[in-house]
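Rule-based calculations on the coordinates, nothing more; no lab input. Here the structure is a predicted model, which is why all the values come from computation and not from measurement. Ideal geometry is used to build each Cβ from the backbone, glycine not excepted, and the neighbour counts take in all protein chains shown.
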Amino acid sequence: MVDKLNKLFSGITVIIIFWGLFWLLNGLDKFYNGTNQPNLAVTKGVVMAPESESEILYKMHPMEPVGWFGVNRDAKMIGYFERLGIHKNVALGSLYSIAVLEVLIGLGFLYSLFAGERRHDIVRLTFKISMGIFLSFSIFDILCGDRTELWEHGTFLILATIHYIYILFAVPGKEFDKIRDKILG
């Protein structure tokens, strides 16, 4: 039983599922911007009347996300593009084009689980595309001056590269043979 589970859930399979869901959910998230709404059940602070110790003029309530919510990418992308002097329609068109690409990459990773002999070719291709996207995102982050996003995208670029190398060496193929022959040559 343990051997069957071990073969079914190999390290490579878990990595492929991770990246498939990462890209699929990340892409879908861009289409479902949640909203921030005040939580009226909680008071975060109050503004008191200057002449009174008990008269409350205003109650401040914390905001909480409602709906499918990651980051509201619409507003964030529009802000980035405005800094570069580019119209918001270009920002939104770019955002949703990237979202479609991310969904396709996610589906590519997940499809590879059922692709038989083509599995490793598909995985290698989707990893190369992933690394290219993270490199592009990092360049964009530098242009927009968003160091937090640069840190995140750089971290994911490193993670994707490590996983790519792990899979490359764990599952020999033509690409591995070329690298091995150059190193050992």
Self-check item: Cα pair distances in region 23-83, grouped into 10 Å bins until the bin that holds the longest one, percent each
Solution: 20, 28, 25, 17, 9, 1
Practice problem: Calculate how steeply helix 119-144 sits against the longest principal axis of the alpha-carbon atoms of the chain, using the helix alpha-carbon long axis, and give the answer as 0 to 90 degrees to the nearest 10. | Solution: 40 degrees
Quiz item: By how many degrees, 0 to 90 and rounded to 10, does the Cα axis of helix 147-170 deviate from the longest principal axis of the chain?
Solution: 20 degrees
Practice problem: Could you work out how far helix 174-184 tilts from the main Cα principal axis of the chain, as a 0 to 90 degree angle to the nearest 10? | Solution: 80 degrees
Quiz prompt | Among Leu57, Leu107, Leu28: highest mean-square fluctuation, GNM of the chain, C-alpha pairs under 10 Å | solution = Leu57
Quiz prompt | region 73-174 - Rg and Dmax from Cα coordinates, angstrom | solution = 16.0, 48
Quiz item: Spin-label point model (7 Å from Cα, Cβ direction): what's the Tyr166 to Lys178 distance in nm?
Solution: 2.4 nm
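Could you please rank Val103, Val123, Val47, placing first whichever residue has the fewest other Cβ atoms within 10 Å of its Cβ? Show your work: numbers first, answer last.
On the way: Val103 18, Val123 26, Val47 10.
The most exposed by this proxy come first: Val47, Val103, Val123.
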Quiz item: When averaged across all projection directions, what area in nm² does the alpha-carbon convex hull of region 11-123 cover?
Solution: 12.0 nm²
Quiz item: By count of other Cβ within 10 Å, fewest leading, how are Arg73, Arg119 ordered?
Solution: Arg119, Arg73
Quiz item: Roughly how big is the chain's charge dipole about its Cα centre, with Cβ charges of +1 (Lys, Arg) and -1 (Asp, Glu), in debye to the nearest 20?
Solution: 840 debye
Quiz item: Hey, rough spin-label estimate for Asn39 and Leu104, points 7 angstrom out along Cα→Cβ, what's it come to in nanometres?
Solution: 4.0 nm
Quiz prompt | Fewest-first sequence of Ile122, Ile139 by Cβ atoms within 10 Å of each Cβ | solution = Ile139, Ile122
Quiz item: Picking from Thr43, Thr13, Thr161, which is most flexible by a Gaussian network model of the chain using Cα springs under 10 Å?
Solution: Thr43
Quiz item: Considering the chain as a Gaussian network with a 10 Å cut-off on Cα pairs, which listed residue, Asn72, Asn89, Asn39, attains the greatest mean-square fluctuation?
Solution: Asn39
